[in-house]
Amino acid sequence: MTQQTATKSFIVRDGRDSDISRITTIYAIEVKEGTASFELEPPDENEMRRRFQAIRESGLPYLVAVDAGGHMLGYAYAGPYRTRPAYGATVEDSVYVADEARGRGIGRTLLGELIERCRHAGKREMVAIIGDTANRNSIALHEALGFRLVGTLRQVGRKHGRWIDTVLMQLALHHERDDDAG
């Protein structure tokens, strides 16, 4: 499915192989400076390309936001929540926005489109695993789009010389709760 969502200052489109370099750069900054990812060393472009292709081959969405000049401002994707087959209808979201592009609604637009694409793909639940209880912007973003807090894992990661919590949030993508449905 090729689809673009336009706003006044950026568009959201499907990610492309040509986006990998910028995706790698945005992610590397978060790995080095932030706590959204618990990775300690940024992956190189080859690894990010492998991850990108795995998401795309699974049929899940990988989206990017770009400005009018084509400069990438952020990206988001849905990946499998877990690899065991019983979790097949549940996805985990990831949203990363470049530092200079934050506060412009890019994360909200990316996540909103990601949710809709996953609904359309027949997924039932979306899970957000947010690094650090201090990551208020990510928590607020998820709450604004209907996610609910389902738990906090205390001090499960160590980064930047301190112990970090993980916030678990969840969104039902389908309102019916038929346990017999596939």
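Data overview
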item	result
Residue list for the stretch 42-81, filter: surrounded by fewer than 16 Cβ atoms within 10 Å (Cβ to Cβ) and of a type in the set (A, V, I, L, M, F, W, C)	A54, A68
Pick from the stretch 90-100, criterion buried (at least 16 other Cβ atoms within 10 Å of the Cβ) and either among the acidic types (D, E) or free of Cβ contacts under 8 Å to residues at least 60 places away in the same chain (or both), ranking: farthest from E30 (Cα to Cα)	T90
Y75 being of a type outside the set (A, V, I, L, M), touching a helix residue (DSSP H, G or I) at 6+ places or on another chain (Cβ under 8 Å) and within 20 Å of G103 (Cα to Cα)	yes
Qualifying positions in the stretch 27-65 - closer than 11 Å to G79 by Cα and not in a helix (DSSP H, G or I)	S58, G59, L60, P61, Y62
Selected residue (criterion: surrounded by the most Cβ atoms within 10 Å (Cβ to Cβ)) from residues of the stretch 113-144 that are touching a strand residue (DSSP E or B) at 6+ places or on another chain (Cβ under 8 Å) and among the small types (G, A, S)	A128
Pair list, Cβ < 7 Å and 6+ apart or interchain, from the stretch 63-79 residues that are in contact (Cβ under 8 Å) with a residue 60 or more places away in the chain to residues that are surrounded by 24 or more Cβ atoms within 10 Å (Cβ to Cβ) and aromatic (F, W, Y)	Y77/Y62
Yes/no for F52 being of a type in the set (A, V, I, L, M, F, W, C), within 16 Å of S18 (Cβ to Cβ) and in contact (Cβ under 8 Å) with a residue 12 or more places away in the chain	yes
Subset tally (residues that are under 10 Å from the mean Cα position of the chain (by Cα) and in a strand (DSSP E or B)) for the stretch 108-126	0
Residue match in the stretch 81-89 (condition: within 15 Å of the chain's Cα centre (by Cα), assigned to a loop (DSSP other than H, G, I, E, B) and over 27 Å from T133 (Cα atoms))	no
Count of the stretch 127-176 residues which are touching a residue at least 24 places away in the same chain (Cβ under 8 Å), closer than 23 Å to V31 by Cβ and in a strand (DSSP E or B)	13
Subset tally (residues that are touching a helix residue (DSSP H, G or I) at 6+ places or on another chain (Cβ under 6 Å) and either under 23 Å from S58 (Cβ atoms) or not in a loop (DSSP other than H, G, I, E, B) (or both)) for the stretch 94-107	4
Test result for T152, modelled with pLDDT under 95, of a type in the set (S, T, N, Q) and surrounded by fewer than 18 Cβ atoms within 10 Å (Cβ to Cβ)	no
Matching option when the condition is at pLDDT 95 or above, more than 19 Å from I130 (Cα to Cα) and not aliphatic (A, V, I, L, M), among S94, S21	S21
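The values are calculated or read from the model by the stated rules, or taken from the named source; none is laboratory data. Source: prediction; values computed, not measured. Note that each Cβ is placed from the backbone with ideal geometry, even for glycine, and that neighbours are counted across all protein chains shown.
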